[in-house]
Amino acid sequence: MRSMLILNGPNLNLLGTRQPEIYGSTTLADIEALCRAHAQKIGVDLTFAQSNHEGVLIDALHDARKTKDGVILNAGAYTHTSIALMDAIRSAEVPVIELHLSNIHARESYRHLSYISPVAIGLICGFGARGYTLAMDALYSHLEGIA
């Protein structure tokens, strides 16, 4: 059975109440439930985590090296600022998909820069909560060698 980590960064614990006009009304708990149901459907062991602290995210990526087949990362604002997360992804040597609820390319110009994209196998953005299951399917296909 394949094993995935879905890792969420800063402020995602406030989903459902934080800027619902951008991020919607779905909570992180709702997204986790959606992902767990999808993991059962596709036969994946899933770990779901969130932290507002960069070091905790880095530690999770380091741990994934030994315990996960792949990672889906919504790094939030750290996407645009964290060389440390980029280095952790490179060091982890597991495939990572970069994920965003909103379309970061249709937002403020500072959100167009991603330190995650150069070390990710792909990027999914702009599909809201549905992006998580899209990312799960994409990662599963990548792991299974399905084009």
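Values quoted throughout were computed directly from the atomic coordinates according to the rules given, and no laboratory measurement underlies them. Computed from a predicted structure; not experimentally measured. Cβ sites come from the backbone with ideal geometry, for glycine too, and all protein chains shown count toward neighbours.
Things to note:
- CD proxy at 222 nm, helix term only [per DSSP H run n ≥ 4: -39500 (n - 2.57); per residue of the chain; nearest 500]: -12000 deg cm²/dmol
- Of all DSSP beta bridges in region 2-144, antiparallel share, percent nearest 5: 0
- Residue-wise HN-Hα couplings along region 57-74, as the Karplus relation 6.51 cos²θ - 1.76 cosθ + 1.60 with θ = phi - 60° gives them from phi, are 5, 4, 4, 5, 5, 4, 5, 4, 3, 9, 10, 10, 7, x, 9, 10, 10, 9 Hz; Gly and Pro carry x.
- Given charges at beta-carbon only (K, R positive; D, E negative), |dipole| of region 1-129 in Debye: 180
- Put simply, the C-alpha atoms of the chain give a gyration tensor, and the ellipsoid matching it has half-axes of 21, 18, 14 Å, longest first.
- Mean separation of Cα contacts under 8 Å (6+ apart) over length of the chain, as relative contact order %: 26
- Under 5 Å between amide hydrogens, built in the peptide plane, is the criterion, and for PHE48 it picks out ILE6 among residues at least 5 positions away or on other chains.
- DSSP-assigned coil residues among trypsin sites (Lys or Arg not before Pro) in region 1-99, each with at most 11 further Cβ atoms within 10 Å: ARG18
- Longest DSSP-loop-exposure-free segment, GluC sites (Glu not before Pro), the chain, at most 16 other Cβ within 10 Å: 1-92
- Amide H contacts of GLY122 (H built 1.01 Å from N, under 5 Å, at least 5 apart or other chain): GLU98
- Taking amide hydrogens as placed 1.01 Å from N in the peptide plane, the amide H of LEU15 sits under 5 Å from those of LEU28, each at least 5 positions away in sequence or on another chain.
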